[in-house]
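These notes are about the structure you will find just below.
The values are calculated or read from the model by the stated rules, or taken from the named source; none is laboratory data. This is a predicted model, so every value here is computed, not measured. As a convention, Cβ positions derive from the backbone with ideal geometry for all residues, glycine included, and neighbour counts pool all protein chains shown.
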Amino acid sequence: MNEIWAVVHKERDALIQDLLALEKQQWTMPSLCPGWDIHAVLAHLVSDAKTTRIGFVSKLIAAGFRFDRINASGIARERCTDPNQTLAHFQGVRSRTTCAPAPLATRLVEVFVHGEDMRRPLGIDHEYPVAEVATALRYQLKTSVKLGGGKERAEGLRLIAIDTDLDEGVGKEVRGAAIALLLAVSGRPVHERELTGPGTLPLKGAN
């Protein structure tokens, strides 16, 4: 548990450093997360870091058990007029260890996928801890899309990471770095050159 939170906190710190130098227009760029700009993703991360188990349950009930409504409400609540103020709020919650009642692997998924949601459109490269990325990917592969996972997207495929010891699933092979596989399974677009193998097109085409 402590090891996962240590990684999450380190990744939050790294993301803060990457976002400190953004210019005003960059905050409104579309992220990889459909319908969200860079600023919205950051506001979501602030809201997510503040979430507690009890608080999440009450919000879920109020939202009619719709996760999209919870996310929209959280973004509206935490998104400041000035993106730098939202970033300051993220700095204020970066060391928190609260979360919704879900496996801690979701914290890795959150920080890795949303980190790339922002970094890739901004042209920012970042080296993620590959063992923990593999942990996040394994979680996504066994979790339904309805619950924020990617199990259905990877059905009939064998995913092989070229940078760590990960070989999951049965079917047409898809090879790539663990972070690229994680993004694809999570419904994010990846560059053509990042994934190879006969199962690549079905995986890229899933959403």
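A quick yes/no check of all residues on (1) within 17 Å of the chain's Cα centre (by Cα); (2) outside the structural domain of Thr135 (by TED's automatic domain parsing); (3) charged (D, E, K, R); (4) under 21 Å from Tyr139 (Cβ atoms):
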site: His44; (1), (2), (3), (4): yes, yes, no, yes
site: Gly64; (1), (2), (3), (4): no, yes, no, no
site: Arg77; (1), (2), (3), (4): no, yes, yes, no
site: Asp82; (1), (2), (3), (4): no, yes, yes, no
site: Ser95; (1), (2), (3), (4): no, yes, no, no
Within region 60-86, which residues are of a type in the set (D, E, K, R) and buried (at least 18 other Cβ atoms within 10 Å of the Cβ)? Glu78, Arg79
Out of Thr106, Thr143, Thr196, Thr98, which single residue is modelled with pLDDT under 95 and touching a Gly at 6+ places or on another chain (Cβ under 9 Å)? Thr98
Looking only at region 6-48, count how many residues are small (Gly, Ala, Ser) and in contact with a Gly (Cβ under 9 Å, 6 or more places away or on another chain). 3
Counting only residues that are over 14 Å from Asp117 (Cα atoms) and either of a type outside the set (A, V, I, L, M, F, W, C) or outside any helix (DSSP H, G or I) (or both), region 8-21 contains a total of 6
Residues of region 113-158 being hydroxyl-bearing (Ser, Thr, Tyr) and under 21 Å from Gly199 (Cα atoms), in sequence order, are Tyr139, Thr143, Ser144
Of (1) crowded, with 20+ Cβ neighbours inside 10 Å; (2) over 15 Å from Pro34 (Cα atoms); (3) modelled with pLDDT of 95 or more, Ser186 fails just (2)
Collect the residues in region 173-202 that are part of a strand (DSSP E or B) and in contact with a helix residue (DSSP H, G or I) (Cβ under 7 Å, 6 or more places away or on another chain), keeping them in residue-number order. Val174, Gly176, Leu195
Can you report the number of residues in region 22-76 which are of a type outside the set (A, V, I, L, M, F, W, C), part of a helix (DSSP H, G or I) and touching a residue at least 60 places away in the same chain (Cβ under 8 Å)? 3
When every residue in region 117-150 that is in a helix (DSSP H, G or I) and of a type in the set (S, T, N, Q) is compared, the one surrounded by the fewest Cβ atoms within 10 Å (Cβ to Cβ) is Thr135
